[in-house]
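**Student:** Handing you this structure, nothing more for now.
Just so you know, all these numbers are worked out from the coordinates, no wet-lab data involved. Computed from a prediction, not measured in an experiment: that's the story for all the values here. Neighbour counts run over all protein chains shown; Cβ positions are idealised from the backbone, glycine included.
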Amino acid sequence: MIAQFMYGLHPIAQAALLLICNISIGLLFVFMSRRFLNTQNTEDVELKIGMYTHAFGISVAVFFSLIIVTEWNAYIQLTQSLRSEISNLNDLYHLSDLFNEKIATQVHDNLRRYVSNVMRDECYTLYDGTYDSAAEQYLFDNLKVFHNDKILIANDEHLHRTLENILTNTIHDRRVRIFNSESNLSPIMWGVIIICNFITLFTLALATQGSVRISIILQTLFSLGVGLMLLLIIILNKPFYYGTYYDGGISARTFQVLLDHWDKQGEVS
């Protein structure tokens, strides 16, 4: 329910809400530690609290780092598969012109339908873990075209095999894109991340029992830093969602550029 609410907001509103909430919670822990747990810490007590805070902070930092590295690797694989898919689609479109007009027209129509489906529907639903199964059928239709008309294009067997290989690679890249577009973090993982965030902020509040101003400044900066890490994890976990808003390299715009390129090529020819 919280996730649905968050992803229903504009990304800028999400970022602001996340950072404000995290800073507010951090300052609340400072107030609670001073109001209810202020024991006039001696130097020995402060040293022990500092040691525990340092040890736990390192553990949480390593935990967050592993999550970010995992999400970043999935993001890199997604961008690579998307670029490869776009490149293969463009190669298929142009190489099919070397065949007779009937085959070229069938291939062009199937590729245009595929790109249109992905651009119109799939790019906006991938962040929910859903994809358009009908779009992939257009790629298989091209495979049938090459297979059924093999006799007609037997005069260039090498080109025929090249196109089949490119089409097979396109289907593979599409599936890699879909796989890496889905959320890699389970609800349990998100729960652990949120709990670790709260514990980290609370232990820091216990460790800063000196000047009130210094405590507020340290807690604000630390809460802001942890909030930015959480924001990065959220963005990497839903790349197509944020790419759709910001028109980045991972968005429907990527396929629109390809479609515009084909339209210009058609006007020239």
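**Student:** When ranked by the protection proxy of mean other Cβ atoms within 10 Å per residue, highest first, what sequence do the peptides 189-197, 20-28, 82-90, 234-242 form?
**Tutor:** Numbers: 189-197: 14.4, 20-28: 17.0, 82-90: 19.2, 234-242: 20.8.
The densest-packed peptide leads the list: 234-242, 82-90, 20-28, 189-197.
**Student:** Work out, step by step, the length gained on full extension between His172 and Gln265: first 0.36 nm times the residue separation, then minus their alpha carbon distance; give nm to one decimal.
**Tutor:** 30.8 nm
**Student:** Any idea how far apart Ile76 and Ile194 come out in nm if each label point goes 7 Å out from Cα toward Cβ?
**Tutor:** For the pair Ile76/Ile194, the computed spacing is 3.1 nm.
**Student:** Within the set of other residues whose C-beta is less than 13 Å from the C-beta of Ile76, count the net charge using Lys and Arg as +1 and Asp and Glu as -1.
**Tutor:** So the surrounding residues net to +1.
**Student:** Local charge sum around Leu27 (other residues, Cβ-Cβ under 14 Å, Lys/Arg +1, Asp/Glu -1)? Display every interim value, and only then the final one.
**Tutor:** On the way: positive: Arg34, Arg35, Arg213; negative: none.
Local net charge: +3.
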